[in-house]
Amino acid sequence: MMEGRNDVTLVHGTIQGAGQPPNPHAWVRFDDGTVLDPVLGDRMPAEEYRTKMNAVEHVTYTADELAEHVMEHQHWGPWDD
């Protein structure tokens, strides 16, 4: 897992395709300015991801916060806190 890593942030937010409603989604933001979308399997510059996916961040979690939530709730989220 990502526990103890200081270079990553889990993002819960929405993405939106052309003509589609916002869709709840999660991605990982790295300190080097890139984003990993594990569903799409793509890693790209964060600004490109925001533009391409119409991504809007709603809440972010450090690696340690992610580990705490997963242990407490026994799932990957969202945790609605």
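Just so you know, all these numbers are worked out from the coordinates, no wet-lab data involved. Source: prediction; values computed, not measured. A quick note on method: Cβ atoms are made from the backbone with ideal geometry, for glycine too, and the neighbour counts reach across all protein chains shown.
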field: Cα extents of the chain along the three principal axes, largest first (Å)
entry: 37, 27, 19
- request: Mind putting a number on the dipole of the chain about its Cα centre? Charges go on the C-beta only, +1 for Lys and Arg and -1 for Asp and Glu, and I need it in Debye to the nearest 20.
  value: 400
- prompt: Which order, highest average first, do 54-60, 14-20 follow once you tally other Cβ atoms within 10 Å for each residue and take the mean per peptide?
  reply: 54-60, 14-20
